[in-house]
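Bear in mind that the values in this text are calculations on the coordinates, not laboratory data. Being a predicted model, the structure only gives us computed values, none of them experimental. Positions of Cβ are backbone-derived with ideal geometry, glycine not excepted, and every protein chain shown enters the neighbour counts.
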């Protein structure tokens, strides 16, 4: 009965990509630990780039510098 | 000083229902563990059905199959 | 398919009390939002009083002042 | 490689204020624990006042009473 | 710069299995979304079976019934 | 009424250092956003180095390579 929370920046992940994350993580937990997919939850949070910081700066700022 | 995080799919919970969850959980922690309601926090996250997976599929897909 | 995370300080909650929290929260989500108990997860985190702060002080310190 | 999650009510925090939180927390972890800013993540969640409860009431209700 | 939190019950996952989860999830995020592994964090929480509930009962109780 | 969760690897942070994190973050939220310290919660999670991955490897492995 695992619970997985994936946080990514909100930068256009498609419904298909999110579905791939859900099935991929669920499959991984089954393979590695034998966990039942029926009771595996995956929750994806998409976070605004203003609200995610790394190295003391927001991702919004980091994207400008690249 | 408990902190409770409730994650549900975003499928139309009303303000009244959310208020019931907040007061219900706060009351439960007071009854069971004697926790002071004044310092009990409840945070409700409503998650898009595309972003919640169970059994390797998104809730959006599961709702279509029902 | 709700997911609920309850964080409390580690101060001797018994197995029975934790069971009461699990069944109480699960029942509340069924009553208020009609959520299926079979796919309701509750995870309780017990946090050391040194690791929980309120008002800028650890709960360990606050307990000494009372 | 710390990970910090800051949850606040959604009540108009500006991009500049969020940047200050990101740089402030990252600096604090470097000062206190010598953590490398490059691998310090900060994620800010802004929560609707209907979805945050304290003392058994939503912040929306509490704001009306003040 | 994704952040992934995996919660499982504490039932003997080995260091090797946890390493497989870390590398598997990191690889998945690279494949599906092109995320840089260097800034992908994975945190695994192992939760006591007394502290995890499903269907209104603790996993400790559920394990006894099987 | 902010809630802050700080996750660090379990590598010997002292009670004093944890107190500094608690007071530092609480003060930051007061300065930047005018948040009341009395209702600011800080929870520190110390995570085993086997359970924290970055770049696809556990911190335990990364520490060996340094």
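The sum of -39500 (n - 2.57) across all DSSP H runs of n ≥ 4, divided by the residue count of chain F, sets its helix-only mean residue ellipticity at 222 nm to -12500 deg cm²/dmol.
Sorted shortest first, the distances from the residue E:15 label point to those of the same residue in the other copies are 3.1, 3.1, 4.5, 4.6, 5.5 nm; each point sits 7 Å from Cα along Cα-to-Cβ.
In the assembly of identical copies, residue C:46 has its label point, taken 7 Å from Cα in the direction of the beta carbon, separated from the corresponding points by 1.7, 1.7, 3.6, 3.9, 4.0 nm (ascending, one decimal). Modelled this way, with points 7 Å down the Cα-to-C-beta line, the labels at residue C:15 and residue B:46 are 4.0 nm from one another. Separation of chain E from the range A:22-54 is 9 Å, based on Cα centroids.
If you model the range F:1-54 as an ellipsoid using its alpha carbon gyration tensor, with each semi-axis the square root of five times an eigenvalue, the axes come out at 25, 12, 8 Å, biggest first. Here the protein assembly as shown is described by how far its Cα atoms reach on the three principal axes: 50, 49, 36 Å, from widest to narrowest. Only Cα pairs within less than 10 Å get springs; with that Gaussian network setup on chain F, which residue of F:22, F:44, F:54 has the largest fluctuation? Highest fluctuation among the options: F:54. When chain C is turned onto chain F, the axis of that turn runs closest to one Cβ of chain C, and that residue with its distance in whole Å is C:45, 5.
The angle between the Cα long axis of helix A:15-33 and the longest principal axis of the Cα atoms of chain A comes to about 50 degrees, rounded to the nearest 10. With its label point defined 7 Å out from Cα along the Cα-to-Cβ axis, residue C:61 lies at 2.9, 3.3, 4.0, 4.0, 5.0 nm from the matching points of the other copies, in increasing order. Per residue of A:24-32, other chain Cβ atoms within 10 Å of the residue Cβ number 6 on average.
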